[in-house]
Amino acid sequence: MLKFNKDSNTLEQTEYIYSLQDVAEPHLYRYLFNYEEVPKVPFNHRHVPMRPPEEIWITDSTFRDGQQAREPYTVKQIVDIYKFMNRLGGPK
């Protein structure tokens, strides 16, 4: 069970009693791992509420000027990288 702690502004587990049991159906913890929200990451046995920003910017320096530690990209490689990065933005 999770409980909100006003002092630390985090969600904390109230019980730490775990025992291994053989069950017919697994408990998938859908309240933690559902397909509609950003995954909640436990940190120090606490689940911190996530408040992502409305917009996320990805900065890429693949095509910057200057010395690279590899051979130059071909035109096809540049086009493919651009298409992959464009897909990160999701549907418009």
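Reported count of residues in the range 45-63, each being over 30 Å from Tyr82 (Cα atoms), exposed (fewer than 10 other Cβ atoms within 10 Å of the Cβ) and either modelled with pLDDT under 70 or out of contact with any strand residue (DSSP E or B) (no Cβ under 9 Å at 6 or more places or on another chain) (or both), is 1. Could you grab me the full set of residues in the range 8-34 that are touching a His at 6+ places or on another chain (Cβ under 9 Å) and either at pLDDT 75 or above or over 16 Å from Arg46 (Cα atoms) (or both)? The answer is Thr10, Leu11, Glu12, Gln13. Does Val79 satisfy the criteria of being closer than 30 Å to Met1 by Cβ and either out of contact with any Pro (no Cβ under 8 Å at 6 or more places or on another chain) or at pLDDT below 70 (or both)? Judged against the criteria, Val79 is not a match. Residues in the range 4-27 that are exposed (fewer than 10 other Cβ atoms within 10 Å of the Cβ) and under 24 Å from Arg51 (Cα atoms): Lys6, Asp7, Asn9, Thr14.
The values are calculated or read from the model by the stated rules, or taken from the named source; none is laboratory data. Remember, it's a predicted structure, so these values are computed and weren't measured experimentally. A quick note on method: Cβ atoms are made from the backbone with ideal geometry, for glycine too, and the neighbour counts reach across all protein chains shown.
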